[in-house]
1. Cut-off is 10 Å between beta-carbons; in what order do M113, M88, M98 appear when sorted fewest neighbours first?
2. If you take every residue apart from L135 with its C-beta less than 14 Å away from the C-beta of L135, what net charge results, scoring Lys and Arg +1 and Asp and Glu -1?
3. Full-extension gain between T42 and S102, please, as 0.36 nm times their residue separation minus the C-alpha to C-alpha distance.
4. If amide hydrogens are placed 1.01 Å from N in the peptide plane, which non-local residues have theirs closer than 5 Å to the one on M86?
5. For the ranges 75-84, 47-56, what's the packing order if you count other beta-carbon atoms within 10 Å of each residue, average per peptide, and put the highest first?
6. Sort 102-112, 62-72, 123-133 by packing, meaning the average of other beta carbons within 10 Å per residue, with the highest value first.
Amino acid sequence: MLRLPLASAFSIVCILTAAGALTALSGCEETSRAGSTPTAVTAPADATYTVRGRIADVIGDDVSIQHEEIADFKNRDGETVGMMTMTMAFHRPEGVSMDGISVGDAVEFTFEMRWEGDHRLTVASLSKLPEGTELEL
Ligand SMILES: [Cu+2]
């Protein structure tokens, strides 16, 4: 199976998203910085968000999710800037199961935002929403 480092997959997703023009306000810009060494996710999260979305792709231990708007999303300075609906790639630790969840499924998930380190966007929990759930994407 093709595996891309999170940074590449994430950059590609950001370029492809219709909301790409707004990535200067989002987390997307940060992942294009090169030269980081892989590190474990140990630092406390800068912020945690619970949002709904649709599974767009699964690549190794990354999961791409088209998420709904995140009105309370904060930039690295802690200012609330919000984030439009878009598709983003998240690191998925082994402990977060994808059992019974497939591409196209509506989910509710919690992710941790870290502005420093290798895994800036990490899924902390993921659960499937009922069939037919309407999302604002
Ligand atoms: Cu986003």
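1. Ranking M113, M88, M98 by Cβ neighbours within 10 Å, fewest first, gives M98, M113, M88.
2. After counting each charged neighbour, the total is -4.
3. Working: separation 60, 0.36 × 60 = 21.60 nm, distance 2.80 nm.
Between T42 and S102, full extension yields 18.8 nm more.
4. Amide H neighbours of M86, under 5 Å, 5+ apart: H67.
5. Values: 75-84: 13.7, 47-56: 17.6.
Listed from highest to lowest mean packing, they are 47-56, 75-84.
6. Numbers: 102-112: 16.9, 62-72: 19.6, 123-133: 13.5.
Top of the packing list down: 62-72, 102-112, 123-133.
Readers should treat all values here as calculations from the given coordinates under stated rules, not as data from a laboratory. All figures in this text were calculated on a predicted structure; none of them were measured in a lab. Ideal geometry is used to build each Cβ from the backbone, glycine not excepted, and the neighbour counts take in all protein chains shown.
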